[in-house]
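This report refers to the structure that appears directly beneath it.
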Amino acid sequence: MSRLERRVRALTSLFPVAFRARWEEELVRTTLENCPAGRSWPRPRDTWDLVLAAIRAHAKAPADQPFRLVLVQGIALGATFLAGVRVGTVLLRLGLFLYWLPGNITAGVPFAELALTVAPLVLELVTYMLLGVAVLLRRRAGVGVGAVALVGIGLLATLRYSGPFDLRWALGMAVPGAVPFLVAAAATAATTAERALAVRPAFVGLALVSMAAAAWRLAALFVTATWHLSPGTVDRVSVAAAALLLAVCIAAGFADPRWLVALGLAVVSWNAREFIQTADPLAFLGTAVVVTVAWVHWRVLRRGRAA
Amino acid sequence: MQDPTFLILLALSDRPRHGYGILLEAKELSGGTIRIGPGTLYGALERLEDAGHVELDREEIEDGRPRRYYRLTRRGRGVLVEETQRRENLVGLAKRRLAHR
């Protein structure tokens, strides 16, 4: 297999399993024929076209899958989305660290203190990157290492909590604190042969969404520096924008409950974080809306199937 | 109907073609202004086959790889004729309106 074909196959692996089973060999052949001789990389235009076509293929409604499977795919999608937002946050903090580094060095901040600040961020970023690449390349060992590291990061975050153990603590641990565990579980499930059929398509499609979220977070780095916004505000704006985007996708007729589950997961996580900071029960207004919409959506889908 | 789908149906209107043949013919038909990518092509072929507008004509093995030829169905030809008529009407309307100015 030539280097070009290997790269084209890496791109076609972004498509859902059912699509690949039907079209992959032809798709690879046509893409190779469409490349001028002597190239070792597919043309940028073809690469972009394959990525967009893969997103469109994922956006189609799942055909008569049991609800349990749809739910798992939705959770995997939501976990990927939240992981993407998390990657964006880490990138933002790393950027701020680098931004203030010259000043800190001038002020004589000890090197050990600087290293202690930046090391966990780098470790977390590397873990998410490793996990993403391992899932895409289907390297089970890599996924295992990434998942274990993420669980470790989640446990450390839990153990470092010093506040009172009340409802806010429970929510903090149960929802936002669960992201690393959720991502680790979804990534591990994606490598299992049978479940991969269910989880991997959602996982890959959703990774594309989270990449967009991460790109936005990176752009937000410059926004915080220029407009003096706090990272927390940017966090809320980015999650709200991404949630809005997903809502638009649903309204545009994707008719895919997986996106709604993912959206629900993101909004619940966002609302819980807001509640932890403000103790205002109204923070769960968004959750109530999502639950209501999900219920109505599900009823409509059931009626449609029954008819 | 979007331009790529229209061009794919048009490319298949004279004889069966394989995927790469469809891409070349669509580019030729549009005078090089519309270039359909492989991902768009097979996404559209899936929709068109599911809708019964296109069907498999034959399969050949070349260089150890499958080479499938697709043809337009009767229903697909009907849709193409309707869409051509719709586009023609639209162009006619635009011409009349522009002539008045």
Practice problem: Of the conditions (1) in contact with a helix residue (DSSP H, G or I) (Cβ under 6 Å, 6 or more places away or on another chain); (2) over 25 Å from A:W48 (Cα atoms); (3) outside any helix (DSSP H, G or I), B:L80 clears all except one; give me its number. | Solution: (3)
Quiz item: Do we find a residue being at pLDDT 70 or above and in a helix (DSSP H, G or I) anywhere in segment A:59-69?
Solution: no
Self-check item: Residues that are touching a residue at least 12 places away in the same chain (Cβ under 8 Å), over 26 Å from B:E60 (Cα atoms) and facing chain B (nearest Cβ under 8 Å), drawn from segment A:23-53
Solution: A:V51
Quiz prompt | Residues that are within 12 Å of the chain's Cα centre (by Cα) and more than 14 Å from chain A (Cβ to nearest Cβ), drawn from segment B:29-42 | solution = B:L29, B:S30
Practice problem: Confirm whether A:G74 is more than 28 Å from B:P38 (Cα to Cα) and either at pLDDT 75 or above or open to solvent by 70 Å² or more (accessible area, probe 1.4 Å) (or both). | Solution: no
Exercise. Could you list all residues from segment A:40-51 that are modelled with pLDDT under 85 and in a helix (DSSP H, G or I)?
Key: A:V51
Practice problem: Could you run through segment A:8-39 and say how many residues are in a helix (DSSP H, G or I) and either open to solvent by less than 60 Å² (accessible area, probe 1.4 Å) or modelled with pLDDT under 80 (or both)? | Solution: 19
Quiz item: Does segment B:69-76 contain any residue that is out of contact with any strand residue (DSSP E or B) (no Cβ under 9 Å at 6 or more places or on another chain) and part of a helix (DSSP H, G or I)?
Solution: yes
Quiz item: Here are some conditions: (1) within 14 Å of chain A (Cβ to nearest Cβ); (2) in contact with a Phe, Trp or Tyr (Cβ under 9 Å, 6 or more places away or on another chain); (3) surrounded by 15 or more Cβ atoms within 10 Å (Cβ to Cβ). B:L56 meets all but one. Which one does it not meet?
Solution: (3)
Exercise. Return only the number of the condition from (1) in contact with a helix residue (DSSP H, G or I) (Cβ under 7 Å, 6 or more places away or on another chain); (2) assigned to a helix (DSSP H, G or I); (3) within 13 Å of chain A (Cβ to nearest Cβ) that B:L24 does not satisfy.
Key: (1)
Quiz item: Just for segment B:31-53: of the residues that are of a type outside the set (A, V, I, L, M, F, W, C) and out of contact with any helix residue (DSSP H, G or I) (no Cβ under 6 Å at 6 or more places or on another chain), which one is farthest from A:V28 (Cα to Cα)?
Solution: B:G31
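The values are calculated or read from the model by the stated rules, or taken from the named source; none is laboratory data. Nothing here was measured: the structure is a model prediction, and the numbers come from that model. Reconstructed Cβ throughout: ideal geometry from the backbone, glycine too, with neighbour counts over all protein chains shown. Quick note on the areas: whole protein, heavy atoms, side chains included, nothing else; ligands and nucleic acids left out. Shrake-Rupley method; radii C 1.70, N 1.55, O 1.52, S 1.80 Å.
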